[in-house]
Amino acid sequence: MVFLLPGVKFDLDLIKKYDTRAPRYTSYPPATELTETFTAPDFERAIINSNQRQTPLSLYFHIPFCQSACYFCGCNTVISNNKNIAKPYLQNLAREIQNTSELIDTSRKVLQIHWGGGTPNYLELSQVEFLWNKINRYFTIDENAEVSIEINPRYVNREYIRFLRDIGFNRISFGIQDFNPEVQQAVNRIQPEKMLFEAMGWIREANFASVNVDLIYGLPYQNLHTFRETVKKTIALDPDRVVVFNFAYVPWMKPVQKRIDPATLPGAQEKLDILKMTIEELTNNEYLFIGMDHFAKTNNELAIAQQNGTLKRNFQGYTTHAETELFGFGSTSISMLEDAYAQNHKGLKDYYQAVTAGILPTSKGIKLTQDDIIRRDVIMSIMSHFQLHKSDIEKKYHINFDGYFAQELEELKPLEDDGLVNLLADEIQITDTGRLLVRNIAVNFDTHSRIKETKFSRAI
């Protein structure tokens, strides 16, 4: 049973066949490979090496606080209605920015900034301004930088949105998840349709360059009919990007999900029907399938970056500016340098202790080998561009591709027989059928994860 959609082909039988677990490849090696043997001094050495490369920068700032728990959430959050909890956090975050910036050559231009969470608009406007000023004090921000923030539409008004735009944010994202009131009630995320359209109105009025919204399929009480209504309302909302996540029900890992009754979750076939419909509706309404779970309008930066070959993946998903190195600030944030990744402490107590002591709050990380770097290039090309030119890898790393990856190419032959990939003399092409299963293709080049698939979410 095959359905042809623009840019992607939905083959139900193959999707069922390849319904296995695989990393999302927001990094390679995946974040599961970070270990506590990598410490703050290791990260300091990695920063020194980064300075020598003189690459431009991306910066991420984590605001972990939320006023209430969303039962589907898989993020690292702190739930509190007492907003005083943000005061010591911001003081420590500012200190971390200062301490870390002293190690970084800050003449390197910042091309991207992102505030995530949690709920960044948990902060009062004065706190937003405080953090913004600290960032500008210690880093050189390019005048054309992409500056984005995640918001919860339940906790903003026109003044807040206008302030964000005036201070310098030019991209914004918010979670819809589902318009249906029954679904919202079941996941403790009540946000009426009127509220969502009103928030979008304020964003458009403030003239943000790009608006991203998130949907989640697989939530309680969802079915094909109700989610079709959600998708249609999302299209009417007219965002520039849409991210459609598959809900991973893992209550043994995320205890808040225990509040969801598993009997209310849609079955596997229903979820596949929802996915097919969602792809069809979005691609029939001028959204390009960027990959995995991302859709963007043709004039959006993601679509342009994919066409230009500058699209990449990092811990926020697909992003532009492949040339940047990412520094993460705040509890649980991850930095992604060319040859090392480092994650900050998750617990606020450990994070505060490290920052107060004047050391990098690194809890774990990984130093990449040359093999890791080569394989990352291969995997990220497959994930971001659905193709790979072997000669590019050969010239860059002085290897013979077919010899280096002889085993992997042999293991890809059954996937070629199933029509997921074309193995050509100098090119690996992901077919329209293979685009939905790109994780299954990429994992063949992954020496870290193939024996550990139980750690990861399902590919579809």
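The values are calculated or read from the model by the stated rules, or taken from the named source; none is laboratory data. Just so it is clear, the model here is predicted, and its values are computed rather than measured. Because the Cβ atoms are built from the backbone with ideal geometry, glycine has one as well, and the counts that use them run over all protein chains shown. Accessible surface areas use protein heavy atoms only, side chains included; no ligands, DNA or RNA. Shrake-Rupley method; radii C 1.70, N 1.55, O 1.52, S 1.80 Å.
Annotation: extensible slack from A425 through E286 equals 46.6 nm (criterion: 0.36 nm per residue apart, minus Cα-Cα distance). Label-to-label distance, I399 versus Y155, with points set 7 angstrom from Cα along the beta-carbon direction: 4.5 nm.
Seen through its C-alpha gyration tensor, with square-root eigenvalues sorted a ≥ b ≥ c, the stretch 55-94 comes out oblate because a/c lies at 1.5 or above while a/b is not bigger than b/c. Below 12 angstrom from the Cβ of L424, what's the summed charge of the other residues (Lys, Arg +1; Asp, Glu -1)? Its environment carries a net charge of -3.
With protein chains left intact and a 1.4 Å probe, residues in the stretch 238-352 average 39 Å² of accessible area per residue.
Dividing the Cα radius of gyration of the stretch 196-321 by its Kirkwood radius returns 1.00 for Rg/Rh. The number of Lys pairs in the stretch 209-344 with C-alpha atoms less than 22 Å apart, excluding pairs fewer than 8 positions apart on the same chain, is 10. Counted over the stretch 5-81 with a bin width of 10 Å, the fraction of Cα pairs per bin, in whole percents, is 11, 21, 31, 24, 12, 0.
Rounded to the nearest 20 debye, the dipole size of the stretch 1-158 about its Cα centre is 300 debye, using +1 on the Cβ of Lys and Arg and -1 on the Cβ of Asp and Glu. The accessible surface of the stretch 347-411, taken with every protein chain in place and a 1.4 Å probe, is 51 percent carbon and sulfur. Accessible surface comparison of V443, V183, probe 1.4 Å, protein chains only, largest first: the order is V443, V183. Taking all protein chains as they are arranged and a probe of 1.4 Å, the heavy atoms of W115 leave approximately 0 Å² accessible to solvent. Rounded to 0.05, the FRET efficiency of the E198 and Q269 pair, given R0 = 35 Å and the Cβ-Cβ distance, is 0.45.
Subtracting the Cα-Cα distance of R259 and E323 from their residue separation scaled by 0.36 nm leaves 18.8 nm. Over all Cα atoms in the stretch 376-428, the spread is summed up by Rg and Dmax: 10.8, 32 Å.
Over the chain, the Kirkwood radius and the radius of gyration, each from Cα atoms, give a ratio Rg/Rh of 0.94.
Say R0 is 60 Å: what FRET efficiency, to the nearest 0.05, do Q91 and D417 get from their beta-carbon distance?
After rounding, the FRET efficiency stands at 0.55.
Derived scalar couplings between HN and Hα for the stretch 293-300 equal 10, 9, 10, 8, 5, 4, 9, 7 Hz in order, rounded to whole Hz, by the Karplus curve 6.51 cos²θ - 1.76 cosθ + 1.60 (θ = phi - 60°), x for Gly and Pro.
With R₀ set to 30 Å, the beta-carbon distance separating E182 from N299 gives a calculated FRET efficiency near 0.25. Can you give the calculated 222 nm mean residue ellipticity of the chain, where each DSSP H run of n ≥ 4 adds -39,500 (n - 2.57) and the sum is split over every residue, rounded to the nearest 500 deg cm²/dmol? -11000 deg cm²/dmol, from helical runs alone.
The stretch between N133 and Q307 holds 59.1 nm of extra length on full extension. This uses 0.36 nm per residue minus the Cα-Cα distance.
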